[in-house]
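The values are calculated or read from the model by the stated rules, or taken from the named source; none is laboratory data. Note that the structure is a prediction, hence the values are computed from the model and not measured. Note that we place each Cβ from the backbone using ideal geometry, even for glycine, and neighbour counts take in every protein chain shown. Surface areas here come from the heavy atoms of the whole protein model, side chains and all, with no ligands, DNA or RNA. Shrake-Rupley method; radii C 1.70, N 1.55, O 1.52, S 1.80 Å.
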Amino acid sequence: MKGCQKMAGLNKVTVDDIDVKGKKVLVRVDFNVPMKDGVITNDNRIQAALPTIKKLVSEGGKVILCSPLGKPKNGPEAKFSLKAAAERLAELVAPTKVTFVPSDKVVDDSVKAAVDAMQDGEIIVLENTRFRGAEETKNGEEFSKELASLADVFVMDAFGSAHRAHASTAGVTKFVKTTAVGYLMQKEIDFLGNAVENPVRPFVAILGGAKVADKLNVISNLLEKCDTLIIGGGMAYTFLKAKGYEIGKSLVDETKLDYCKEMMEKAEKLGKKLLLPVDSVMIDDFPNPIDDPTIATTICDADKMDASKEGCDIGPKTIELYSEAVKTAKTVVWNGPMGVFENPVLATARS
């Protein structure tokens, strides 16, 4: 998988292989937990990070955690603060000291001072990396340097983000000499490696998410290994446009239309099934706030999409098509959501 390839230099070095006593350890976790009215509704992602965190704490590391949360659009937003995640973590690791350092810049003098004051075995949680605005942009290198300046060691433990060349993922590794993967990351690499390289067939792969560009190598490589490749999420609309369909205001990567055509041709040449949505849940405009439960939807067949609307989820016919493919599979690898799962109307049975 692309994420494993980006971290190829790391997947033999885990937290078991490094000495963290007295060292500052920056850990990229996935604390992108669901929230409602400032309250965490499911803490599974925090729980999943605990083995790595506890390992580093027990060995005397000064643990600094960073993570994105939600999709703030207009700069820092209080509802996307990691404060609640830090408080929940403190409950789970008590009596270990956990300090949340609020800073819209994520890294500033107050954060550096807090890190300098850390004792061995303590934890600091940084503010939402997306508050900085540079996490996912071409200006991310400066942010990567600032994050790296906090640490002697970098540990990647967010598999779902490992394929993204963001400031807090691949970017940091350019500026920290000692890098490793956490237990959660290593578990995913081991499991996924076995599933992809030695699958029990039929082997069905499901790819979702927003952008084709995020999964260029994944799509091509999986077509050579799987029996059926299912495409969903925002990236599906680029494929549908490549087929000549009207997609309205749906997400599209105009620069990848030829690539999508090549992948469809490759699937046909290899005798593999490449399944695309046959219908779509469409809305007038992208929900703002994203969790608006009153948003109105319409269902359009994939070849009859309304030019004035935006596709944000797979439709009922597609659910049935994809479900049948999965039911017959012996191995299923799934990466990325089929729709805008942050919205309850667009998440039911589809994410």
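Observations on the structure shown:
- Taking each residue as 0.36 nm, the span from Phe175 to Leu257 lengthens on full extension beyond its C-alpha to C-alpha distance by 26.0 nm.
- At 1.567 mPa s and 4 °C, Stokes D of the chain from Kirkwood alpha-carbon radius, µm² per second: 61 µm²/s
- Helix 316-327 axis, angle to the chain major axis (alpha carbon atoms, nearest 10°): 70 degrees
- Scanning residues 5 or more positions from Ile124 or on other chains, those with amide H under 5 Å from its amide H are Val63, Ile64, Leu65, Thr99, with H placed 1.01 Å from N in the peptide plane.
- Candidate residues Thr169, Thr298: accessible-area rank, largest first, probe 1.4 Å: Thr298, Thr169
- The stretch between Lys269 and Ser323 holds 17.0 nm of extra length on full extension. This uses 0.36 nm per residue minus the Cα-Cα distance.
- In this structure the amide hydrogen of Met35, modeled in the peptide plane, comes within under 5 Å of the amide hydrogens of Thr41, none closer than 5 places in sequence on its chain.
- For the chain, relative contact order (Cα pairs under 8 Å, six or more residues apart, normalised by length) works out to 16 percent.
- Unit charges at the beta carbon, dipole of the chain: most positive-side option, Gly121, Ile299, Pro277: Gly121
- Modelled FRET efficiency - R0 22 Å, Asp37 with Leu92, Cβ distances, 0.05 increments: 0.55
- Virtual spin-label span in nm between Gln119 and Leu50, 7 Å along Cα→Cβ: 2.4 nm
- Convex hull volume per residue for the stretch 221-351, taking Cα atoms only, in Å³: 105 Å³
- Taking every alpha-carbon pair under 8 Å whose residues sit at least 6 apart, the stretch 241-313 reaches a relative contact order of 47 percent.
- Scanning residues 5 or more positions from Leu274 or on other chains, those with amide H under 5 Å from its amide H are Leu229, with H placed 1.01 Å from N in the peptide plane.
- About its Cα centre, the dipole of the chain is roughly 740 debye, where the only charges are +1 on Lys and Arg Cβ and -1 on Asp and Glu Cβ.
- Per-residue [θ]222 nm for the chain (sum of -39500 (n - 2.57) over DSSP H runs n ≥ 4, rounded to 500): -9000 deg cm²/dmol
- In Hz, Karplus ³J(HN,Hα) per residue of the stretch 117-131 (6.51, -1.76, 1.60; θ = phi - 60°; x = Gly, Pro): 8, 5, 9, 4, x, 9, 10, 10, 10, 7, 6, 2, 4, 6, 5
- For the stretch 260-327, the normalised intensity computed at q = 0.25 Å⁻¹ comes to -1.05 (log10 of I(q)/I(0), Debye sum over alpha carbons, equal scatterers, no solvent).
- Average projection, convex hull of the Cα set of the stretch 230-302: 5.4 square nanometres.
- Helix axis angle, 216-225 relative to the chain longest principal axis, alpha carbon, degrees: 60 degrees
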